[in-house]
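First comes the structure, then the notes that go with it.
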Amino acid sequence: MAVGRPDKSSEEVVKAPRARMTGAQRRLQLIEVARGLFAERGFEGTSIEEVAQRAGVSKPIVYEHFGGKEGLYAVVVDREMETLLEMVTSSLSKNRSLYRIQQVALALLTYMEERTEGFQILVRGESTAESASGEATRYGSLLNDAISQVEHILAGDFERRGFDPALAPLYAQALVGMVSVTAQWWLDVREPPKEVVAAHLVNLCWNGLTRLEANPVLVGPDYTEPDPETVVVEVDAEE
């Protein structure tokens, strides 16, 4: 049986030269390739040679754009930080407190789902030769930014309702930590759907916030019994 030859149009497609990338397009391609490699192998396990090979370019092209592996890694991390921070801060800018909590949880889950490689890089928080001073991880820095914003929101809410605003940092740490840890767990299992996870996080956060005690104490035989006059601060569910 004779092997059919490709028709003229197929040959033209095969022989057609690839469109030349602009400098901006090539830079973006290298960033995307590097993001996958850094997520898979880490900073130390990734080489410029491998980035160039996967991108189909020579090593000098990579050096021309980023100066070296440290520069490339810094650009990848900065882009992921900007993407995630924009999603989180946008969510925190909404008016209603309940909606803020919901959107922050959903924003983090969405980022992790759509940019898993970038999130893995942020969580790994590796130091490069240029930043080996033991500074906080990028993801940890991002969480601190989120905590500061949540703290500001809670302080205002607490003060309006007669609750001690000095406790806002504690509650901000608890809320952001709960969402962050749950989100990292969800990244491994990917179920239930992110919308369901966000809804349950909001359920726990919001219903917990609606009946805060102004002076909570530990209970049990080894602790002082709670004061029957303890003030319960009701939070309006429509806020």
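Candidates are the residues of segment 73-101 that are basic (K, R) and modelled with pLDDT of 70 or more; the one that is farthest from S148 (Cα to Cα) is R79. When every residue of segment 169-184 is checked against the conditions, none turns out to be surrounded by fewer than 15 Cβ atoms within 10 Å (Cβ to Cβ) and either in a loop (DSSP other than H, G, I, E, B) or in contact with a strand residue (DSSP E or B) (Cβ under 9 Å, 6 or more places away or on another chain) (or both). When each of E70, E64, E12 is tested for being modelled with pLDDT under 85 and either polar (S, T, N, Q) or in a helix (DSSP H, G or I) (or both), the lone residue that passes is E12. Applying the criterion of being in contact (Cβ under 8 Å) with a residue 24 or more places away in the chain and surrounded by fewer than 14 Cβ atoms within 10 Å (Cβ to Cβ) to the residues of segment 151-168, the residue that is nearest to the chain's Cα centre (by Cα) is D164.
For every residue, the table says whether it meets (1) modelled with pLDDT under 80; (2) crowded, with 19+ Cβ neighbours inside 10 Å.
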| position | (1), (2) |
| --- | --- |
| Q103 | yes, yes |
| E114 | no, no |
| E130 | yes, no |
| G134 | yes, no |
| N144 | yes, no |
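Across segment 36-49, the number of residues qualifying as within 15 Å of E70 (Cβ to Cβ) and not in a loop (DSSP other than H, G, I, E, B) comes to 3.
The values are calculated or read from the model by the stated rules, or taken from the named source; none is laboratory data. Keep in mind that what you see is a predicted model, and the values were worked out from it rather than measured. When we count neighbours, we look across all protein chains shown, and the Cβ atoms used for this are built from the backbone with ideal geometry, even at glycine.
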